[in-house]
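The values are calculated or read from the model by the stated rules, or taken from the named source; none is laboratory data. Because the structure is a prediction, the values reported are computed rather than measured. Here Cβ is always computed from backbone atoms with ideal geometry, including for glycine, and neighbour counts include all displayed protein chains.
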Amino acid sequence: MSYDTILFEKRGHSACITLNRPDSLNSISIEMMRELQQVWQEAEDDADIWTTIVTGAGSKALCTGADVNVIEGTYVDGHPTGIDMWHEGMLTSLRQWDVPQEATPPYLNMTKPIICAVNGAACGAGLDLVTTSDIAIAAEHATFFDPHVSIGVVSAREMVRMARVMPLNVTMRMALMGKHERMSAERAYQLGLITEVVPGEQLLERAWEIADTVNRNAPLAVRGTRMAIRKGLSLPVTEAELLAESYRMRCAQTQDAQEGPAAFLEKRDPKWTCS
């Protein structure tokens, strides 16, 4: 499938989704929203893809949120509703009843891990790509901020998600200071928002290397582990542990669960079959 606002590249068992509107700092248009929805499903459905990378084109921005020049509003009695921008009838789709996702991957409804390579500014809805990824790395010049309150808009899901990956007071500072303060890549690393800082010219290749490393492990076990952690975050500890154990038992029935110990005993690399 070809796309107009994103690039999609495969290498071995990895794939890379690149937001490709560099002239607009990879801001999100309606077309990009639609294409991202399609490409995330394509990556999830492709049996040859085990891990997905997401990044932005150019070196200035990962994503700067919604493109205010092209995002369309809908109106009732002259007032913007803020609900639908896809030319659908009002509240006629499940999408309209759910939390607006914009660029967010369907991270709770997919099994495969996501690596985010932050190649520049990540702000507004662009922060969703960082907080919903499973591993995030950044270029040395990357910055993080949330401009919502500076343009008169409540920072909603973006900062709710951020408060689950950073200390509350740091999240509050980012949310309430808006566009007037930016977090550096080094500071984001210190706080655990990202896991590695690399020179900008090495960022994408490093992301491919991390994906390759993840893919050296049993892919079904990786997916079960990822889902156990992700879904467990919304549960009490005991229920989360029981969910994780149910995933463990499912994976124990697979051929890969037998291949792993056999390869270890035979001192060879395992040959994973995703079965």
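Scanning the stretch 252-274 finds no residues that are touching a residue at least 24 places away in the same chain (Cβ under 8 Å), under 26 Å from the mean Cα position of the chain (by Cα) and loosely packed, with under 13 Cβ neighbours inside 10 Å. It is to be established whether one or more residues within the stretch 2-12 are polar (S, T, N, Q), modelled with pLDDT under 90 and not in a strand (DSSP E or B). So far as the stretch 2-12 goes, yes, one or more of its residues are polar (S, T, N, Q), modelled with pLDDT under 90 and not in a strand (DSSP E or B). Just one of A207, A188, A221 is in contact (Cβ under 8 Å) with a residue 24 or more places away in the chain, closer than 20 Å to P113 by Cα, in contact with a strand residue (DSSP E or B) (Cβ under 8 Å, 6 or more places away or on another chain) and surrounded by 17 or more Cβ atoms within 10 Å (Cβ to Cβ); which is it? Result of the check over A207, A188, A221: A207.
Consider the stretch 57-75 and keep the residues that are over 22 Å from the mean Cα position of the chain (by Cα) and surrounded by 15 or more Cβ atoms within 10 Å (Cβ to Cβ). The one that is modelled with the highest pLDDT is V70.
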